[in-house]
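Here the structure comes first, spelled out in structure tokens, and everything after it is commentary.
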There are 2 protein chains.
Amino acid sequence: MNYSVSEENYIKSIYHLQQQTDTVTTNSLANELRTKPASVTDMLKKLQTKKLIEYEKYRGFKLNANGNKIALGIIRRHRLWEFFLVNKLGFEWDKVHVIAEELEHVSSADLIERLDSFLKFPQTDPHGDPIPDTNGKMAFIKQLNLAEIIVKKNIVVSSVGSQSPEMLEMLKHYHISIGTSLKVIKHFAFDGSIEIKVLQYTPCIISEQVAKNIFVHHD
Amino acid sequence: MNYSVSEENYIKSIYHLQQQTDTVTTNSLANELRTKPASVTDMLKKLQTKKLIEYEKYRGFKLNANGNKIALGIIRRHRLWEFFLVNKLGFEWDKVHVIAEELEHVSSADLIERLDSFLKFPQTDPHGDPIPDTNGKMAFIKQLNLAEIIVKKNIVVSSVGSQSPEMLEMLKHYHISIGTSLKVIKHFAFDGSIEIKVLQYTPCIISEQVAKNIFVHHD
DNA sequence: ATTAAAATTTAGACAAATCTAAAAATATTA
DNA sequence: TAATATTTTTAGATTTGTCTAAATTTTAAT
Ligand SMILES: [Mn+2]
Ligand SMILES: [Mn+2]
Ligand SMILES: [Mn+2]
Ligand SMILES: [Mn+2]
């Protein structure tokens, strides 16, 4: 089966919202897609007819197994293109999302498998998010929030909560990007800020808000 | 201004038809786009409102200067993606057209300029067709039909009339691709077939129909 | 110059995706 | 539990792009 650009965007958004709450609401999806609740209801009916979601009027909805597989296919394409844009075309990672949002809808399966191979089968996109394989299997990376790290062991930045230019600008200033190794040195109870040390740089202090937007894993 | 996928496909098709006849007819465009004449008329009105064509009811139509520029932008994207698909992803050149037909509509200008640079500013696509530059300037390559070559000097294959898998298969068998150097040895008046010699291979005979689909330029 | 054929346009309909305003269902609060 | 607020759905409209069938215009043929 083949899905329209609009259908694909809905499917992907439902998938992402489900990571937070198992069953999704009409309003949250409308908000995510910057559209109106009435439009969401219309599309839900269509997705139900096409057997991609479980949906009961007024009760919320979720992707079924089939819908999940479709979603992971779209996410695979999105993240492979993002990797291409950053690592081959030299884009900054705050610029690639909007472009990948279009490229993800190009429908050739052969294209994506060849792109994957050309990129040497990357495991994560430029934001640290894992890339599903052809069968929709996605590595689960146990991520911890930097704000909650206590031990003074080496940790590695694996992804970020915000992909805004503002975030990127600040991370650059701190010499932090995906894959950067660092250590937590001290917590300040007063405002929740923490002192960290990035390898080869002098220690610095980041606010709690920044820390909460940085996800890490051990060694 | 931004144009829909449908509008872009119409604009590009009008451009291509204009290469043969300066002013285009409703039927020919409908045929090119595999749609119905009534649909073409509808779109023509829209393109006229958007000031992309000159159009007089029942009298045919053509792109104006603005429409021409838009068309060349789409063709630039199409051909750059085709080059990418063949030279980076390893597609055969009979497979790339349909995919480029989708990729050409991805709208980021930055994307295309970076792609161009990544590909080292190619001058022609995998079918030998010239790639317009950012400003819509396109090199004109004086092409001659192989069926009409008489002199026994070295000539270079610059493009092909058909991009079908059948054509590709046969050209491969003859060891001919874009850029191949060859010589015309003899014409057979009986059926119009000609004997050619591809460098490093023994001479062979190709039918008039094949020859008519091969375009060449001198040295 | 008529008439017949072909090309083109209009009229009216339809599917997809969206919207606003109103109605219905559910959740919250007093 | 009853009133109120919030969420969700329905009803009806709009835009884009397409279609068929009928009307109109142009072109070709007698
Ligand atoms: Mn998208
Ligand atoms: Mn990403
Ligand atoms: Mn296209
Ligand atoms: Mn081409």
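The values are calculated or read from the model by the stated rules, or taken from the named source; none is laboratory data. Remember, predicted model here, so these are calculated numbers, not experimental data. As a convention, Cβ positions derive from the backbone with ideal geometry for all residues, glycine included, and neighbour counts pool all protein chains shown. Heavy atoms of the whole protein, side chains included, go into the accessibility calculation; ligands, DNA and RNA do not. Shrake-Rupley method; radii C 1.70, N 1.55, O 1.52, S 1.80 Å.
Numbers at a glance
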item: Selection count, the stretch B:1-17, where residues are part of a helix (DSSP H, G or I) and among the aromatic types (Phe, Trp, Tyr); result: 2
item: Failed condition for A:HIS97, given (1) open to solvent by 40 Å² or more (accessible area, probe 1.4 Å); (2) more than 16 Å from ligand 1 (Cβ to nearest atom); result: (2)
item: Top-ranked residue of the stretch A:1-40 - restricted to ones that are within 14 Å of chain B (Cβ to nearest Cβ) and of a type in the set (S, T, N, Q), ranked as farthest from ligand 2 (Cβ to nearest atom); result: A:ASN2
item: Residue, farthest from A:SER193 (Cα to Cα), within the stretch A:161-173, restricted to residues that are open to solvent by 30 Å² or more (accessible area, probe 1.4 Å) and outside any loop (DSSP other than H, G, I, E, B); result: A:PRO165
item: Positions within the stretch B:18-55 being within 16 Å of ligand 4 (Cβ to nearest atom) and part of a helix (DSSP H, G or I), in sequence order; result: B:GLU32
item: Test set (1) aliphatic (A, V, I, L, M); (2) in a loop (DSSP other than H, G, I, E, B); (3) open to solvent by 40 Å² or more (accessible area, probe 1.4 Å); (4) in contact (Cβ under 8 Å) with a residue 12 or more places away in the chain - A:ILE176 fails condition number; result: (3)
item: Near pairs, Cβ below 9 angstrom, 6+ apart or cross-chain, from the stretch B:64-83 (within 19 Å of B:LEU47 (Cβ to Cβ) and touching a residue at least 40 places away in the same chain (Cβ under 8 Å)) to any residue that is more than 16 Å from ligand 3 (Cβ to nearest atom) and in a helix (DSSP H, G or I); result: B:ASN68/B:GLN18; B:ALA71/B:GLN18; B:GLY73/B:ALA109
item: Filtered residues of the stretch B:15-27 (kept if buried (at least 17 other Cβ atoms within 10 Å of the Cβ) and away from DNA strand D (no atom under 14 Å from the Cβ)); result: B:TYR15, B:LEU17, B:GLN18
item: Check on A:VAL106, over 28 Å from B:VAL86 (Cβ atoms) and open to solvent by less than 20 Å² (accessible area, probe 1.4 Å); result: no
item: Residue ID - farthest from the other protein chains (Cβ to nearest Cβ), chosen from residues in the stretch B:49-89 that are within 16 Å of B:GLN163 (Cβ to Cβ) and in contact with a Leu (Cβ under 6 Å, 6 or more places away or on another chain); result: B:PHE83
item: Scope the stretch A:107-160; condition under 18 Å from A:LYS197 (Cα atoms) and either within 14 Å of chain B (Cβ to nearest Cβ) or of a type in the set (Ser, Thr, Tyr) (or both); matching residues; result: A:SER158, A:SER159
item: Close pairs from the stretch A:90-103: first over 22 Å from A:SER6 (Cβ atoms) and within 8 Å of chain B (Cβ to nearest Cβ), partner more than 16 Å from DNA strand C (Cβ to nearest atom) and of a type in the set (Phe, Trp, Tyr), Cβ under 9 Å, at least 6 apart; result: A:GLY90/B:PHE118
item: B:PHE121 being part of a loop (DSSP other than H, G, I, E, B), touching a Pro at 6+ places or on another chain (Cβ under 8 Å) and open to solvent by 70 Å² or more (accessible area, probe 1.4 Å); result: no
